[in-house]
Amino acid sequence: MTGLIIGNLCSLLAMITDSVSSSRKTARGVLIVQCLSQAIYGIGAIALKGYSAAVQNGVSILRNLFAIKEGKSKIVEWGLIALGVVLGLWFNNRGFFGWLPVLANLEYSIAVFRFKDNERDLKIAFMICTILFAVFNVVVLNVVGVAANLVVIVTTVVFLVKGKK
C-alpha cells in the first residue's frame, strides 16, 4: 500500500514538471525540464514495481542530457536506444504491458535525436510517448499517473495549437 501511495505522489509531482516542459518555447527547455520529470517518474515506477518503466526513465535522462549537450553521435544515439531495449527486456516484470514503456522510450529517443531542434515535432513525439505510458499506468494502478498523463496530453495539445497560431 505504501508503494502505491508513493508511486502516485511521485506521478503528481511529475505531472507538474511535465506540464511545465510542454510550455517551454525551445527544444532545449523541453528536454531540461523533462530530465526532472523522468527522475520523479522513475522513483514512482520503482515504488509501483514497474521496473521496465523505471529503467526507461533512467535511460531517458541520459538521452536528454546527451541531446542537450549536442551529443549528435550515432554511436551515442543507437547505444542509448539499445540500452533502453536491453534494460527493458531485462527488467520487464509486466509481460506485454511492460513493453509499453520500452516502446515509448524507443519512439521518443529516436524523436529527440531527430527533432531535437524542432520544439513542435518534439512535443508531438512526447505526446505519443505519454499515451503509451498512460496505458502502462493503468496496468500498474497508477491512478495519479494516468491523470497526469491525460493532463500532459491536454496541455501539450493546447501549447501545440497556441504555437501554430
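Only the coordinates and a few stated rules stand behind these numbers; no lab work does. Note that the structure is a prediction, hence the values are computed from the model and not measured. Glycine gets a Cβ as well: all are built from the backbone with ideal geometry, and neighbour counts include every protein chain shown.
Numbers for the structure displayed
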quantity	calculated
Distance between the range 101-122 and the range 131-162 - C-alpha centres, whole angstrom	17
Total formal charge among the other residues, if their Cβ is under 13 angstrom from that of Ile81, Lys/Arg +1 and Asp/Glu -1	+1
Semi-axis lengths (Å, descending) of the ellipsoid that matches the C-alpha gyration tensor of the range 80-134	22, 13, 5
Neighbourhood charge, 10 Å Cβ-Cβ cut-off, centred on Val140 and excluding it, Lys, Arg +1 and Asp, Glu -1	+2
Calculated SAXS-style log₁₀ I(q)/I(0) at q = 0.17 Å⁻¹ - the range 2-164, Debye, Cα scatterers	-0.92
